[in-house]
Structures are given as C-alpha cells and as structure tokens.
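So the structure is just underneath, and the comments pick up after that.
The values are calculated or read from the model by the stated rules, or taken from the named source; none is laboratory data. Just so it is clear, the model here is predicted, and its values are computed rather than measured. Please note: Cβ atoms are built from the backbone with ideal geometry, for glycine as well, and neighbour counts cover all protein chains shown. Side chains are part of the model used for accessible areas, which takes the heavy atoms of the whole protein and leaves out ligands, DNA and RNA. Shrake-Rupley method; radii C 1.70, N 1.55, O 1.52, S 1.80 Å.
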Amino acid sequence: LQATSGGGGWPMSVWLTPDLKPFAGGTYFPPEDGVHRVGFRTVLLRIAEQWKENKDALLENSQKILEALLHMSEVHVRGQESPPPSKEVMATCFQQLSNSYDEDYGGFSKSPKFPTPVNLNFLFTFWALHRTTPEGARALQMALHTLRMMAHGGIHDHISQGFHRYSTDQHWHVPHFEKMLYDQGQLAAAYSRAFQISGDEFFADVARDILLYVSRDLSDQAGGFYSAEDADSYPNSTSKEKREGAFCVWEAEEIRALLPDPVEGATEGTTLADVFMHHYGVKETGNVDPMKDPHQELKGKNVLAAQCSAEVTAARFGLEPGQLGALLREGRQRLAAARAQRPRPHLDTKMLAAWNGLMISGFAQAGVALAKQEYVSRAVHAAAFLRRHLFDPASGRLLRSCYRGKDNMVEQSAVPIQGFLQDYAFVIQALFDLYEASLEQGWLEWALQLQHMQDKLFWDPSGFAYFSSEAGDPSLLLRLKDDQDGAEPTANSVAVTNLLRAACYSGHTEWVEKAGQILAAFSESLRKIPIILPEMARATAGFHHTLKQVVICGDPQAEDTKEMLRCVHSVFSPNKV
C-alpha cells in the first residue's frame, strides 16, 4: 500500500488476483460516498467493472507493483561490504535522536507520540559507553526525562496501571487507549534499567506498576500472556454503543462524589477531591483538547495526568509530601473500585510467542534490577508455558500463537501457524535474559537449540541476514526483511545481539560471523539513517567491543555467591554475558 499510494494505516484494504497478486489498495474508505472520500461500496463496484473491462491492464499493473516491491524490499550485502564502524553509527544515531528530541516533554516527535523503547535502550547503551562526555550525559538525560514525562502523563494509566499504546498529543496526555503486551514488556525493562542507572525509586515504582497490571489483567492461568486490551468499551451496562476510552476517563462530579472527605491539616474546607483533581489536572468541563477528540467521545471527560510534583501539590494545600502520597493513593484506590463496576474493554486472549518473549524479558530483567525473585519466577512460569504450548519438540520448531478457549483451556487452531523470524528472535532473547536471571541451564540450552533452528529456516545465504518468513510458503509472493525498529524492534536487530550472546555461551564463532553479516547487509541504513534502526545501531557496539564475560564461582545457594550476583545485577552494564 505504501509503495503504490504513499500512505499506510488501518483499516487497510488490498485487492488481489485469484493467484494472490496485489493490484489495487487503499485505506480509510467510509461505508458510503462522502464529500472528500469515495465510499467502500463504490470502490468495490468500480474494481469489479475494471476487472471485467480492463483485466489485462490490472494484471500488468500488478506485475509492476511486485517488481517495485521486490526492488524496494531487497536488503542484501553489496559486494565485499563489511560491518559499518560502530563509533560512527552510534554517533550518528545519537545525533539524529538528539535533533528530533522534544526538550520539554521528552520523546522524539511532536505528535502522535509513541513510547518507542528501542530509542531509550539505545540511549542507555550510548551513555554507558560515553559516561564522562557531555554527549553521554545528554543521552542519559534524554532517556530519563522521556520515561519520567511518560509516567506522569495520561498515556500511563494511573488507576489500573500499565501503559496505553501512544499519545495523540505532544504532552503524553490524551492516549489512544489500547494497551499492548509488547509495550508493557519493553517498558518494564526500560524502567528497570532507568532505576539501575539512576537509583531513583520513582522508576522502580513504574516498573512494578506495569508488572502488576500484566500479572492481573493480561495473564493466563496456564502462564502465558494475552496480547492486548481494546481502546473502546461501553460507558455503562445499558449503553448500546462503545466509545474510545470510556473505561478510563472521568467527569469531575464523579470524582467529587467518590472523594468528598475533608483533609486533615490542609487549608480550610479542602476535600480529598480538591487535592486529587488539582494533582491530576481534572477540570469541571473536562481536560481533553477538542482538537484531539474529533468524534467528541471525550467531551466533558478527564484523562488523569500528574500536572506537577508531589512537593508542589503538597505546598499548595499546606500538606507534608508524605501525607500527600497517602491521600493520592487512597484516591486512586477508590477510583479503581469505581472503575471495576464499569463494563471492561474487550480482552484479546490470543497468545503470541514473540510478544510473550518480550514480556518474559521484561519480568526477568525487572527481577534482576529490582532484586525481586517473584518476577523471575513469573518469567519462568511463562517460559514453561511457551515450551508446553508454543513449541513442537518433535520438529524443534516454535509455533506462532495459541488461544484461550472453552473453560479457560489453552487451545491451538486446527492448522497451527508456524513461528516467524520474530517469534524465534524474541523468544531466544527472552531465554538468554531468563538464564541470566535464574542461572537455570535448561533455558540456555533451549535458546541455543532455537538459534540453530532459526538459522536453518530463515537465513539468507546469498544476501545475508534473516528473512521474516520461511521458504516454501505458497501464500507468500515475497520473502521480506523488515528494516525498521519501531514500536517493537525488528527481528534482525535483536538477532545480532542474540548471535553474539549465543557465540559467547557456546563457543560457536560462526555466530559472530553471522552477526557481522547482518550488520553488513543493513550497512547503508546504519551509516545514513541509523535512527530507523536504533536497536541494530546499539548492537554494533556489542559486535565491535566484544561482550564482557562475567564468571561467578561458588555454591549457588551460598549467601556470598548470592551477594556477588546482587552486586553484578545492581550495575547497568550492556554488552555482557
């Protein structure tokens, strides 16, 4: 669609010939003709007519589209290309992120604003390699400020925890209310790293908050993680129509009714609602900018976003900061109880191997950084789930998905979907993270076994790097290689670091060679526009500096061994095994 119309997005419609070749496409067709847009029905009638009258022209057009796509999508090594020099790639990526950084609110665009943890991970690694330079200091400041502003904003659910998918405005205030598993997994890891680096409990609290949400609302009893929660829901039990954000937003009078208590020690006549509404920016007429609410679904409603620090709110009402914390907690708990009475948004209960991998990494890394064994145990439970339900031991292959079926049993579709490259890359990464958190060797062995399988199914021996899908799938006309780290990292980017870790653990040096060949295949983008591949840019450092190996000898159960492990885990040190 992007190749032919220049635009993308959903809802997307593409028309294919009977042998599955695309020949027309578009997005956002309204049901009926409008002033500016042709209706979907009209499009169908026109295409049907063209297929009758001008079939040859359409087929020719389809052939051109395929050739253009093939040309555009080819990521391969040109000649004797070698991996690009890490120092330049890292410096360029830092510069490009720095130029697009929003100094006031954090993030790397004006609006819409996505969390994009890949950018933050890059900045943390850049800081770790340049701690004593002004650039290093700026990289850390950019990452921590972005994480802080996101946590204060409305993209962070202050009542039911977790993060929404993106913010429609520059201030992280009004989100698109969907909640995605892949965001929770990556953000739990990012906030844990921020705590590791800064020692600031604020970041640890946000990581705990995300993991509480996932444990409570996105967890299957068998151990897997569900994919997402919808943005839309019924405002109340009698509503006929779902509305965006209905589960999450508040009217001022609702909050006044829920929090009427006078506050001891505050200025005369202050109620809990006054304090709560001031802190979270609640307005009588609603706090959503009409420009960000084209369908007026949020008119008169409020999205909670912390407007100022606890110290400022406390001073405004003559309270101690500690006392304010307790008051806000009480307010949040009461609103959570009220929200529990509302109809919930739809829960997408399919469980994807790749996204479960990202979430296992989130729990494992938080368990290490926050020294919380129960997080590591939750990661182990989920990895055991993957092994039981999304892995075929006979063939050694991963499956893509499974589902919550009748009586909450885990079900598989009649013809199971085989794992894609992304499933292998994210699960292997998760297993390395889990091994380092638990030191249970079984996870490491499984990771290495899956890495061999990934090589066999997806490696491109002539152009290098991995294809997204395996060979021999008759329904796919092109085998593509994704070339952008976006809301999720692209699988080849994660694979570079996986290969380096695998080589360190196993001694198979050909894996280091493969890592270099991926970097060489993506060399042009890494040199010119590394901002589109921040996770791969980050991996260049591991490739060029080689990974540090930490070996701890001792009785695993002994206190002194555990203390050494705690010491290693307390420091943010990327590029180590």
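Remarks
- Residue satisfying condition, being surrounded by 18 or more Cβ atoms within 10 Å (Cβ to Cβ) and under 27 Å from T92 (Cα atoms), within set A521, A437, A502, A430: A521
- Tallying residues that are more than 25 Å from the chain's Cα centre (by Cα) and at pLDDT 95 or above within region 473-506 yields 4.
- Options V571, V577, V550; residue that is under 27 Å from the mean Cα position of the chain (by Cα) and open to solvent by 60 Å² or more (accessible area, probe 1.4 Å): V571
- Enumeration of residues in region 21-48 that are out of contact with any helix residue (DSSP H, G or I) (no Cβ under 9 Å at 6 or more places or on another chain), of a type outside the set (F, W, Y) and open to solvent by 70 Å² or more (accessible area, probe 1.4 Å): V35, H36, R37, R41, L44, L45, R46
- Residue under evaluation A194, criteria (1) in contact (Cβ under 8 Å) with a residue 24 or more places away in the chain; (2) open to solvent by 10 Å² or more (accessible area, probe 1.4 Å), criterion not met: (2)
- Per-region count, region 245-268, residues surrounded by fewer than 21 Cβ atoms within 10 Å (Cβ to Cβ), closer than 17 Å to G154 by Cβ and touching a residue at least 60 places away in the same chain (Cβ under 8 Å): 1
- Selection from region 144-171 of residues that are on the phi > 0 side of the Ramachandran plot and open to solvent by 10 Å² or more (accessible area, probe 1.4 Å): Q161
- Here N302 clears all of (1) at positive phi; (2) in contact with a Gly (Cβ under 8 Å, 6 or more places away or on another chain) except the condition numbered (1).
- Within region 15-43, residues that are not assigned by the TED database to the domain that holds N54 have Cβ atoms under 7 Å from residues that are surrounded by 17 or more Cβ atoms within 10 Å (Cβ to Cβ) and polar (S, T, N, Q) in no pair, counting only partners at least 6 apart in sequence or on another chain.
- Condition check for T4: free of Cβ contacts under 8 Å to residues at least 60 places away in the same chain and either within 28 Å of R479 (Cβ to Cβ) or more than 32 Å from the chain's Cα centre (by Cα) (or both): no
- Looking at region 298-377, the helices (runs of 4 or more DSSP H) lying wholly inside it that each contain 1 or more residues that are buried (at least 17 other Cβ atoms within 10 Å of the Cβ) and free of Cβ contacts under 8 Å to residues at least 12 places away in the same chain sit at 310-317.
- Residues of region 278-301 classified as of a type in the set (D, E) and closer than 25 Å to T267 by Cα, total: 1
- Cross-chain or 6+ apart pairs with Cβ under 7 Å, region 49-67 first and surrounded by 12 or more Cβ atoms within 10 Å (Cβ to Cβ), then among the aliphatic types (A, V, I, L, M) and modelled with pLDDT under 90: Q50/L58; W51/L58; I65/A3; L66/L477
- Given (1) surrounded by 24 or more Cβ atoms within 10 Å (Cβ to Cβ); (2) over 30 Å from P112 (Cβ atoms), index of the condition A491 fails: (2)
- Residue match in region 73-87 (condition: within 29 Å of the chain's Cα centre (by Cα), modelled with pLDDT under 85 and on the phi > 0 side of the Ramachandran plot): no
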